[in-house]
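One structure is given below, encoded as structure tokens.
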Amino acid sequence: MFYMPGSTPHNLPHDPFKACVLPRPIGWLSTLSPAGHANLAPYSQFNNLTFDPPYVMFSANQTAAATQKDTVRNVEATRVFCWNLATYALREAVNATAAELPHGADEFAHAGLAREPSRTVFVMVKTAAAGGYEEEQRVPVPMVQASPVRFECEYYTTLRLPGRAPVGSADVVIGRVVGVHIKEEVLTDGKIDVRKTLPIARCGYFEYAVVREVFEMVVPGGEGARAAMEGSGKAIQEMGERVGDEEEGGEGDVVAGAEVV
């Protein structure tokens, strides 16, 4: 079959587009509003962009009333957010935080989730003080305590994509990762073990996937290609320093680059 989105019908009972791009990592994002109200919501259009330094992105469709999601408004206003790995053990809580609650509602409380404060990102929240004055309090962004992997992020930019309807319009938000939390119990031989984290991902329709099995393939190429595939900023930096030394000394060849996943 072939169809042109928005121009010709697909003639299927359900729209197939999201079922074509899968599995999609879940951006389970926690934020604070400028007033200090916590928000937690999952986004199925989330991924990392690069690794040295690390950046992540998420895309949030606007509401039917053509307004931004609370997550986007909070991130743009406070310039910080946190990502929490969505796991099979936490699947019901992830789903609960997807509910459309009134503005300002606390999804942590709604889903019965314990919090852990961020270490590097904070929101300056104004609170009432004696004598009618206001004072600012430095408040950490709450994270999901039970999630085994979490990122603390600083806002970088937003790209707004137009849609045919308000819900089709999307805010693509990019943030730089400045802090990474990994629980010791999900490590095996110094690596994050997906058999212990059991991450979940979105598929099409109302379907999800859980990662229980992996296989390895080493990319063809030299040291640079392998370091890039692993995402080792340290290895790439050291390799670059060696290449620079060789160029200054007139020895050796520049290491060729490679396109990696």
>> Can you show me the helix-derived [θ] at 222 nm for the chain, built from DSSP H runs with n ≥ 4 at -39,500 (n - 2.57) apiece and divided by the number of residues, rounded to the nearest 500.
In response: -5500 deg cm²/dmol
> If the cut-off is a Cα-Cα distance under 23 Å, which lysines reach residue 183, setting aside same-chain residues fewer than 8 apart in sequence?
Replying inline: 191, 196, 234
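To the nearest 20 debye, what charge dipole does the chain have about its Cα centre, counting +1 at the Cβ of each Lys and Arg and -1 at the Cβ of each Asp and Glu? Can you show the working numbers first?
Working: 23 positive and 33 negative charges, 260 e Å.
Approximately 1240 debye in magnitude.
Tell me, what is the percent relative contact order of the chain, built from C-alpha pairs under 8 Å that lie six or more residues apart?
21 percent
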> Projected onto the charge dipole of the chain (+1 at Lys/Arg Cβ, -1 at Asp/Glu Cβ, origin at the Cα centre), which of 137, 108, 224 gives the Cα projection farthest towards the positive end?
Replying inline: 108
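On alpha-carbon atoms, Rg over Rh for the stretch 9-69 using Kirkwood Rh? Before the final figure, lay out each step's value.
Numbers: Rg = 15.4 Å, Rh = 14.3 Å.
So for the stretch 9-69, dividing Rg by the Kirkwood Rh gives 1.08.
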> Tell me which lysines have Cα within less than 23 Å of residue 126's Cα, excluding those fewer than 8 residues away on the same chain?
Replying inline: 69
> When all C-alpha to C-alpha distances in the chain are sorted into bins of 5 Å, what percent of pairs does each bin hold, rounded to whole numbers?
Replying inline: 1, 5, 10, 13, 16, 15, 12, 10, 7, 5, 3, 2, 1, 0, 0
> Per residue, how much accessible area does the stretch 21-210 show when a 1.4 Å probe rolls over the protein heavy atoms, in square angstrom?
Replying inline: 52 Å²
>> Once R0 is set to 22 Å, what does the formula 1/(1 + (r/R0)^6) return for the Cβ-Cβ distance between residue 217 and residue 20, expressed as a FRET efficiency to the nearest 0.05?
In response: 0.40
> What chymotrypsin sites (Phe, Trp or Tyr not before Pro) in the stretch 47-145 are in a loop by DSSP, with at most 10 other Cβ atoms within 10 Å of the Cβ?
Replying inline: 133
>> Give me the percent relative contact order of the stretch 100-200, please, defined on Cα pairs under 8 angstrom at least 6 residues apart.
In response: 20 percent
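Out of the stretch 57-144, which GluC sites (Glu not before Pro) are coil in DSSP terms and have no more than 15 other C-beta atoms within 10 Å? It would help to have the intermediate numbers written out before the result.
Details: sites: 76, 92, 100, 107, 134, 135, 136; in loops: 100.
Loop-located and lightly packed - 100.
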> What's the carbon and sulfur percent of the stretch 21-210's accessible surface, probe 1.4 angstrom, rounded to a whole number?
Replying inline: 54 percent
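The values are calculated or read from the model by the stated rules, or taken from the named source; none is laboratory data. Predicted, not measured: the structure shown is a model, and the values here were computed from it. Note that each Cβ is placed from the backbone with ideal geometry, even for glycine, and that neighbours are counted across all protein chains shown. These accessible areas exclude ligands, DNA and RNA; they are computed on the full protein's heavy atoms, side chains included. Shrake-Rupley method; radii C 1.70, N 1.55, O 1.52, S 1.80 Å.
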